[in-house]
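Structure first, commentary second.
Computed from the coordinates by the stated procedures, all read-outs in this text should not be read as laboratory data. Keep in mind it's a predicted model, so treat the numbers as computed, not measured. Reconstructed Cβ throughout: ideal geometry from the backbone, glycine too, with neighbour counts over all protein chains shown.
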Amino acid sequence: MNTACLFTISAPSGAGKTSLVRALLDKKSESLAVSVSHATRSIRPGETDGVDYHFVRPDTFEQMVSNDEFLEHAWVFDHHYGTARSPVEGLLGSGKHVILEIDWQGARQVKQKRPDTVCICILPPSREVLEQRLIGRATDDRHTIERRMLAADREMSHYNDAEYLVINENFDQALYDLECIIHAQGMTRDRQISKNQALVHSIPEEME
């Protein structure tokens, strides 16, 4: 058994998912990796191709879909996004836990293809707080914020798909909660048996 675990982390826009994942990666970079998704939207100021996303043309993306190269893909805010299968499998094969930052649609697709995936949903403490965070960004007009809130309602309505819920009211607490989830999954019986086979084989069979 490969002891590495695949995680999906989903959240409505403004819930703090990206900041939490970056902080988590800073603390656990030796054992944890974040898969870089493909996207057909234009690169934004401050973004780096291959770091934030692999930015590709729509026809390239469509060809990858035809070749079944994605673990998941979706149409979000007028653009295609997807997670390529090969890099994820390569990271898992190297022994690293892998995080996919994706929406509920993507998480559901990944879970169908890899049932051992652990799904995490990050939620804001309230819908009102989420809206204030989006307004506080000062990057979107009112119409865009309304679209994002509608999408957020849709995203949050699928919280029941996840094995774990993390409420991001306090950033440090939410980060700690994520660390605990990652650590706990590495301590499951099957993964511990796989990592400690010599010990397990030395233990007598169950005795009365």
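Between helix 171-186 and the chain there is an angle of about 40 degrees, using the helix long axis and the longest principal axis of the Cα atoms. Only Lys, Arg, Asp and Glu carry charge here, each on its Cβ (+1 for the first two, -1 for the last two); on that basis the chain has a dipole of about 260 debye about its Cα centre. Just so you know, the Cα atoms of segment 136-179 work out to an Rg and Dmax of 13.6, 36 Å.
Relative to the longest principal Cα axis of the chain, at what angle does helix 127-137 sit, 0 to 90 degrees, rounded to 10? Value to nearest ten degrees: 70. Residue-wise HN-Hα couplings along segment 40-47, as the Karplus relation 6.51 cos²θ - 1.76 cosθ + 1.60 with θ = phi - 60° gives them from phi, are 9, 6, 6, 5, 9, x, x, 8 Hz; Gly and Pro carry x. Altogether, the Stokes-Einstein calculation at 25 °C and 0.890 mPa s, with the Kirkwood radius of segment 20-85 over Cα pairs as Rh, returns a diffusion coefficient of 190 µm²/s. When the Cα positions of Pro87, Leu165, Leu178 are compared along the charge dipole of the chain, Pro87 comes out farthest toward the positive end, with charges on each C-beta of Lys, Arg, Asp and Glu. When every alpha-carbon pair in segment 141-208 is counted, what percent end up more than 18 Å apart? The proportion of pairs with Cα distances above 18 Å equals 66 percent.
Take every DSSP beta bridge whose two residues both sit in segment 1-109; close to 45 percent of them are antiparallel.
Among the listed pairs Lys27/Lys113; Lys113/Lys195; Lys28/Lys195; Lys27/Lys96; Lys96/Lys195, which have their C-alpha atoms separated by more than 23 angstrom in this model? Mind showing how you got there, number by number?
On the way: Lys27/Lys113 29 Å; Lys113/Lys195 25 Å; Lys28/Lys195 19 Å; Lys27/Lys96 14 Å; Lys96/Lys195 13 Å.
Violating the 23 Å limit, Cα to Cα: Lys27/Lys113; Lys113/Lys195.
The order of Val118, Val56, Val110, going from fewest to most other C-beta atoms within 10 Å of their C-beta, is Val56, Val118, Val110.
Taking the fewest neighbouring Cβ atoms within 10 Å as the starting point, the ordered list for Tyr176, Tyr53 is Tyr176, Tyr53. Measure nothing but the geometry: give the 0 to 90° angle between the long axis through the Cα atoms of 104-113 and the longest principal axis through the Cα atoms of the chain, rounded to 10°. Taking the Cα atoms of the chain, the angle to 104-113 is about 30 degrees. Listed by Cβ neighbour count within 10 Å, with the fewest neighbours leading, Met187, Met207 appear as Met207, Met187.
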